[in-house]
Amino acid sequence: MLVAREAVGRVYRDEDQTDVATRASMALVHELARRGIVEWEGVGTAEGEPAPVTAETVNALLEHWPAYDALDALYVTPALRRDEEKNGSSNSPDGTSGEGPDTAMPAA
């Protein structure tokens, strides 16, 4: 995820700020796909041969909108949600915390 975020950062630091949010999103999907796809079935060359998994073939696959959209929806978005959930709550510190003030009225 860190490397993918660096790819997004490069887009935001680029001099060309045209459609920067879209290009950043695409950079994230491409980087996660290049690093996450280690094997596949049913992806072939124009000659009908199985295509090896390389950065170039992953990029070529992602040029096809249905493949890009499916990868984004089924792989990238869930990964981002898991990462977001992980960051939402951190580990509790060791030990006990100090006692805080009562916030509820005593029961009758």
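The values are calculated or read from the model by the stated rules, or taken from the named source; none is laboratory data. All values derive from a computational prediction rather than experimental measurement. No Cβ is skipped: glycine too gets one built from the backbone with ideal geometry, and neighbour counts run over all protein chains shown. SASA here: full protein model, heavy atoms, side chains in, ligands and nucleic acids out. Shrake-Rupley method; radii C 1.70, N 1.55, O 1.52, S 1.80 Å.
Considering only residues in region 15-35 that are within 20 Å of the chain's Cα centre (by Cα) and farther than 18 Å from P66 by Cα, the one that is least open to solvent (accessible area, probe 1.4 Å) turns out to be A24.
Can you say whether T45 is touching a Ser or Thr at 6+ places or on another chain (Cβ under 9 Å) and either modelled with pLDDT of 90 or more or surrounded by 15 or more Cβ atoms within 10 Å (Cβ to Cβ) (or both), as far as the supplied structure shows?
no
Considering only region 51-73, how many residues are surrounded by fewer than 13 Cβ atoms within 10 Å (Cβ to Cβ) and in contact (Cβ under 8 Å) with a residue 24 or more places away in the chain? Going through region 51-73 one residue at a time, the tally reaches 1. Counting only helices (runs of 4 or more DSSP H) that sit completely within region 1-90, those holding 2 or more residues that are among the acidic types (D, E) correspond to 77-88.
Candidates V11, V76: the one that is surrounded by 11 or more Cβ atoms within 10 Å (Cβ to Cβ) and at pLDDT below 85 is V11.
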